[in-house]
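None of the figures in this text is laboratory data; all of them are computed from the coordinates on show. Since this is a predicted model, take the numbers as computed values, not measurements. Cβ placement follows ideal geometry from the backbone for every residue including glycine, while neighbour counts extend to all protein chains displayed.
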Amino acid sequence: MKKTALLSAGLLFLLSLSFCGTARRGVPMFEPLSISSPAVAQGKAVFKAHCQKCHPGGTAGLGPAINNKPLPGFLIRYQVRHGLGVMPAFKEEVISDQELDHLVAYLKKLRKAKDEV
Ligand code: HEC
């Protein structure tokens, strides 16, 4: 008896979750890219200066697309600092640690955006 009560309480809880937990329903998957923070804007400038020619707008060019997969920040940093294959390494003299942080912030924004911005 006690078990059934617990079970139905649990079921009720799950039900309420499935009714209330969908605040994002109807919201499009992509959000427009708003260059809201200065950090992201600076990241964009760094991107345009150093990455754009091979990853145009984050899409594939000479390099692969980088706007279509959830690359973790540390991986982007590693790739930028060490390069790989055709991609050159960018040392601190070229892209400072702070600029790299902003670049990563921009790239994370970019992959949520629908269009190249
Ligand atoms: C000279 C062309 C070139 C430039 C400039 C360049 N890349 Fe790349 N990038 C590549 C190529 C080519 C690869 C693929 C390397 C491989 O796998 O051999 C790549 C790979 C990557 C990857 C890994 C993608 C994946 O699917 O794992 C990331 C992240 C990346 N680049 C970010 C950047 C960023 C950020 C910049 C600017 C600081 C930049 N790249 C500048 C050519 C370039």
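Modelled label positions at residue 5 and residue 101, each set 7 Å beyond Cα in the direction of Cβ, lie 5.4 nm from each other. Residues 3, 108 in ascending order of nearby Cβ atoms (within 10 Å, fewest first): 3, 108. Ordering 90, 74 from the fewest to the most neighbouring beta carbons within 10 Å gives 74, 90. Residues whose amide H falls under 5 Å from that of residue 87, counting only those 5 or more places apart or on a different chain, are absent, with hydrogens built in the peptide plane.
Across the range 46-54, coupling constants 3J(HN,Hα) worked out from phi with the 6.51/-1.76/1.60 Karplus curve, θ = phi - 60°, read 5, 4, 4, 6, 10, 10, 3, 5, 9 Hz, and Gly and Pro carry x. Nearest 0.05, what FRET efficiency do residue 37 and residue 75 give at R0 = 22 Å with Cβ-Cβ as r? It comes out at approximately 0.50.
Of 92, 99, the sequence from fewest to most neighbouring Cβ atoms within 10 angstrom is 92, 99.
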